[in-house]
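For reference, the structure discussed in these notes is given below.
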Amino acid sequence: MKNKIVYVIFSLIAGLFILNACRHEILNPGNGSGGGTGGGGNLPPTSNCNPDSVYFVNDIMPLISSNCTMSGCHDNITHADGVNLTTYTKIMGYVRPGDAANSKLYKVIIKTDGDRMPPPPMAPMTTAQKALIQKWINQGAKNNSCIGSCDTTVFTYSGAVKPIMDNKCAGCHNPSNLGGNIDVSTFAAVRVVALNGKLYGSIAHQTGYSPMPKNAAKLSDCEIRQVQKWIIAGSQNN
C-alpha cells in the first residue's frame, strides 16, 4: 500500500513537471478561420510540388507535430493551456489566412521570451522554419499537399537526411527534449541511431520499433528510401 501511494505521488509530480515545461501564453482562437473554406478547405494533392508554394501536409503539419504536439504539450491527450494542434482544423483556430502578422500561431513562434513556442528550454524553431509557416499563412493557409518533390537519387546527409530530421523529427528528439532518449539534432547523433538500426526501424514502422514520427503521418516511401540508401552507403556526413 505504501509503495502504491509513493508511486501515485511520483506520477503526479512527473505530470506537473511535464505540463510546466510546456506552458506559455494561452492561444485563444482567432476570429473566423476555424478550418472552413476561409482556410482553404481540404484540397486534393497536386501532382507536382511548386517550389514557390508551401504545402500544409508536406511542410507545415510535420513541423508542428515535431515541435508542438509531443506528449505533455499540445497533443490530443494533454492539450496544454487548452490548445490542441494535432489537425488542420484545430490549427486553423489560431491562424488568420493571408495574415501571418496577426495569426496567433505565428506570433508565438517568433516570440523571444519565455512565452514563445516551443517553450524554453526547448530550442526555438529555426529562422527558415518560421519563414515557412509565415509564407504558408500568407499564401492562404490552405489544407494542401503535393507529390513529386522527393527524389530517391538524392540521399546525402545534407541533401536529404538532415532536412527530414530537422523538419519532422528533431523537435521531439533533441538535447532539450529527448523523446525516447534519442537525439537526431546533429549528424553524430543521427549516425548513432542509423548504425544501431533504430532510425530505419522506426521510420519504416518495423515490428519491434516505436513508429515515427509521432502524431504525424508516416514518412513517404521516397523519404524512407532516401534514409535507407544513406544508411546503406555508410551513413556519411556528406
Considering segment 169-202, residues that are among the small types (Gly, Ala, Ser) and modelled with pLDDT under 90, and then whichever is nearest to residue 120 (Cα to Cα), we arrive at 176
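Looking only at segment 147-185, count how many residues are among the charged types (D, E, K, R) and assigned to a helix (DSSP H, G or I).
Total satisfying the criteria: 3.
Examine segment 119-134 for a residue that is farther than 16 Å from residue 171 by Cα, surrounded by fewer than 17 Cβ atoms within 10 Å (Cβ to Cβ) and in contact (Cβ under 8 Å) with a residue 60 or more places away in the chain, and state whether such a residue exists.
no
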Scan segment 134-142 and give yes if some residue there is out of contact with any His (no Cβ under 6 Å at 6 or more places or on another chain), at positive phi and modelled with pLDDT of 95 or more, otherwise no.
-> yes
With respect to the numbered conditions (1) farther than 30 Å from residue 231 by Cβ; (2) modelled with pLDDT under 95; (3) among the aliphatic types (A, V, I, L, M), which one is the sole condition not fulfilled by residue 92?
-> (2)
If you check every pair at least six apart or on different chains, which have Cβ atoms under 8 Å apart with a residue in segment 203-217 that is farther than 16 Å from residue 172 by Cβ and at pLDDT 95 or above first and a residue that is aromatic (Phe, Trp, Tyr) and assigned to a helix (DSSP H, G or I) second?
-> 206/200
(1) without any contact (Cβ under 8 Å) to a residue 12 or more places away in the chain; (2) crowded, with 17+ Cβ neighbours inside 10 Å; (3) not basic (Lys, Arg) all hold for residue 185 apart from (1)
Across segment 129-146, what is the total count of residues that are part of a loop (DSSP other than H, G, I, E, B) and polar (S, T, N, Q)?
-> 3
List every residue pair whose Cβ atoms sit under 7 Å apart, with the two residues 6 or more apart in sequence or on different chains, where the first one lies in segment 40-63 and is in the same structural domain as residue 88 (by TED's automatic domain parsing) and the second, anywhere, is hydroxyl-bearing (Ser, Thr, Tyr) and modelled with pLDDT under 85.
-> 49/149; 58/149
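The values are calculated or read from the model by the stated rules, or taken from the named source; none is laboratory data. The structure presented is a predicted model; accordingly, all values stated were derived computationally and were not measured. No Cβ is skipped: glycine too gets one built from the backbone with ideal geometry, and neighbour counts run over all protein chains shown.
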